[in-house]
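Visitor: Dumping the structure here so I can ask a few things about it.
Where a number appears in this text, it was derived from the coordinates with a stated rule and is not lab data. Here the structure is a predicted model, which means the values were calculated and not measured. Cβ: placed from backbone, ideal geometry, glycine included. Neighbour counts: every protein chain shown.
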């Protein structure tokens, strides 16, 4: 068995991202084929328990404690630091080790593994709380919601499992901005999903950047890059590092609750903005929306695009950084994301659906720049019709 495991590790180490995901897919399939009916039923029955224990671990600071320790910790030592009883900890830690969240190094002794370090990070902790506190109740509400709505598709973001779960008439984002703790966790989760991979081999962006002067921008000059709904400004920071000539030519926009307490970002103008209102920044070269459109049903998504289109000139482009689902064979990550978005009124879209959405807003798909093929992640470039 050790030899087989070593071979799998060697294959994964030599694989690209698509190969790595294929290995995981194959291992999942093998697991299903090897499990007995009893194994499968036990796994289904306990599927929600790990999330509860992750929340408990985060509440008592367990993951940070293990991650900071250079040596394994005895249960009694963990109890002293967390104020949890050794008896309770023994049972919780045993389960977390059995599910590979932490590592059991000896009897009543535990240490951190790779996953523990991920969860100890502030972004990992935010994911635990967002998953349990905000999204968990929504998942629980989904079966009854679908039954009550005769199993129709979710197309209205004021009538979703979210409203049923949290007993509100507000949309998910309206509710979240009134819940500072939950809203901050969401912002941290979004930051953890950020990256600059989308700029790699993106000739359209690179060609336009090369045309931008390295001197200070003129007062009458339109911004080059507007990050619409950009959260804490990760994309602007990354672009500024890669393309210093863009400093002073970038705008970060998000709701007041997201940006009003942000520290200044070099070369970036920070503006409070609701993308359901007219876009005040006109004539920018690029309006960038990352993981925005999948949050909204088609009517609202089209409204966002129309507001942006009204501010564009013929040289402007909208860059939608999102998923473009394949027509067949979508992987589990993207199908999970689609169901998660549906619970809030959003959706992941196929290429045909992106083209239809663009047309409804008076736009056309000019290009699709796929930058992580294994996860169908792409930049959909929109131009005025």
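Visitor: Using packing as a proxy for protection, rank 41-53, 258-270 so that the peptide with the highest average count of other Cβ atoms within 10 Å comes first.
Guide: Taking the mean over residues of other Cβ atoms within 10 Å, the ranking is 258-270, 41-53.
Visitor: Ranked highest first by the average count of other Cβ atoms within 10 Å around their residues, in what order do 61-70, 27-36 fall?
Guide: Sorting 61-70, 27-36 by mean packing, highest first, produces 61-70, 27-36.
Visitor: Percentage of Cα-Cα pair distances in region 216-309 greater than 23 Å, rounded to whole percent?
Guide: 21 percent
Visitor: Also, quick follow-up: Could you check the spin-label model distance between residue 356 and residue 206? Points 7 Å from the Cα along Cα→Cβ, value in nm.
Guide: 3.5 nm
Visitor: Taking Rh as the Kirkwood radius computed over C-alpha pairs, what is the Stokes-Einstein D of region 269-379 at 20 °C in a medium of viscosity 1.002 mPa s, expressed in µm² per second?
Guide: Values: Rh = 14.6 Å.
Reported coefficient: 147 µm²/s.
Visitor: Normalised by the empirical 2.2 N^0.38 Å for globular proteins, what value does the Cα Rg of the chain take? It would help to have the intermediate numbers written out before the result.
Guide: On the way: Rg = 23.2 Å, N = 385, 2.2 N^0.38 = 21.1 Å.
The reported ratio for this selection is 1.10.
Visitor: Right, something else. Normalised by the number of residues in the chain, what is the relative contact order in percent for Cα pairs under 8 Å and 6+ residues apart?
Guide: 12 percent
Visitor: Could I ask something else about it? Using only helices, what value at 222 nm comes out for the chain when you add -39,500 (n - 2.57) per DSSP H run of length 4 or more and divide by the total residues, to the nearest 500 deg cm²/dmol?
Guide: Only helices count here, giving -14000 deg cm²/dmol.
Visitor: Express as a percent, rounded to the nearest 5, the fraction of DSSP beta bridges in the chain (both residues included) that run antiparallel. Provide the component values of the computation, followed by the final result.
Guide: Values: 19 of 38 bridges.
Within the chain, antiparallel bridges account for around 50 percent of the total.
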